[in-house]
Amino acid sequence: MAMRVGIDLVSVDSVQKAIQLHAERYLERVYTKDELHDCQAPQGVDPLRLAARFAAKEATLKVLRPADEAVPWNAIEVLRDPAGWVELKLSGSAASLAAASGLSDFSVSLTHEDRFASAVVIATYS
């Protein structure tokens with residue numbers, strides 16, 4: 001069984017700056033409604049949680065290896081199970097690219113500490 005691995009590290013400050021500069025336009029372009037709902041905190045969206053999801057999207061792109069086609073950020077979704085773990089859901093061009101590349105069984109792990117968030121994505125392919 002062959003595997004592909006992607007990893008990414010994101011500064012929470014960069015996500016906060018994007019929210020400050022672009023507000024809803026940034027949030028709607030990058031995240032799905034369910035992701036935004038999962039990242040809600042009493043003071044609004046939690047940039048630490050958003051940074052972890054952004055890292056997962058970047059790590060997924062490293063696994064997908066798109067050549068000339070653009071993959072919209074929100075075609076890669078991080079879903080949180082009520083028990084606490086997360087999984088990936090690909091749609092649109094991300095799902096098409098995964099299928100065309102023979103990629104399946106995507107797994108994701110998120111972590112964050114202080115002002116950084118990271119994600120690792122693994123997929124099998126034939």
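Structure data summary
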{"item": "Of Gly102, Gly92, Gly44, the one that fluctuates the most in a GNM where the chain has Cα springs shorter than 10 Å", "result": "Gly44"}
{"item": "Most mobile of Ala83, Ala51, Ala95 in a GNM of the chain (Cα contacts under 10 Å)", "result": "Ala83"}
{"item": "DSSP-assigned coil residues among trypsin sites (Lys or Arg not before Pro) in the stretch 45-90, each with at most 12 further Cβ atoms within 10 Å", "result": "none"}
{"item": "The stretch 58-122 shape via C-alpha gyration tensor axes, a/c threshold 1.5", "result": "prolate"}
{"item": "Karplus-derived HN-Hα couplings along the stretch 26-36 (A = 6.51, B = -1.76, C = 1.60, θ = phi - 60°), whole Hz, x at Gly and Pro", "result": "5, 4, 6, 6, 9, 10, 7, 4, 5, 5, 4"}
{"item": "Measure of compaction for the chain (Cα Rg per 2.2 N^0.38 Å)", "result": "1.02"}
{"item": "Accessible solvent surface per residue of the stretch 30-126, calculated while the other protein chains remain in place, 1.4 angstrom probe, Å²", "result": "52 Å²"}
{"item": "Under Karplus coefficients 6.51, -1.76 and 1.60, residue-wise ³J(HN,Hα) of the stretch 96-113 in Hz, glycine/proline x", "result": "5, 5, 4, 5, 5, 8, x, 8, 8, 6, 6, 10, 9, 9, 10, 8, 8, 8"}
{"item": "Eligible lysines near Lys89 by straight Cα distance, threshold 23 Å, same-chain separation 8 or greater", "result": "Lys33, Lys57, Lys62"}
{"item": "Karplus-derived 3J(HN,Hα), 6.51/-1.76/1.60, for each residue of the stretch 65-81, Hz, glycine and proline x", "result": "6, x, 8, 10, 9, 7, 10, x, 3, 7, 7, 10, 10, 9, 9, 9, 6"}
{"item": "Apportionment of accessible area to carbon and sulfur, the stretch 1-77, percent (1.4 Å)", "result": "53 percent"}
{"item": "Pairwise FRET efficiency - Met1 versus Asp68, Cβ, R0 = 30 Å, nearest 0.05", "result": "0.60"}
{"item": "Global form of the stretch 37-85, assessed from the alpha-carbon gyration tensor, a/c cut-off 1.5", "result": "prolate"}
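The values are calculated or read from the model by the stated rules, or taken from the named source; none is laboratory data. In this text, all values refer to a predicted model and were calculated from it rather than measured experimentally. Positions of Cβ are generated from backbone atoms using ideal geometry, with glycine treated the same way; all protein chains shown enter the neighbour counts. In case anyone asks, the SASA skips ligands and DNA or RNA and just uses the protein heavy atoms, side chains included. Shrake-Rupley method; radii C 1.70, N 1.55, O 1.52, S 1.80 Å.
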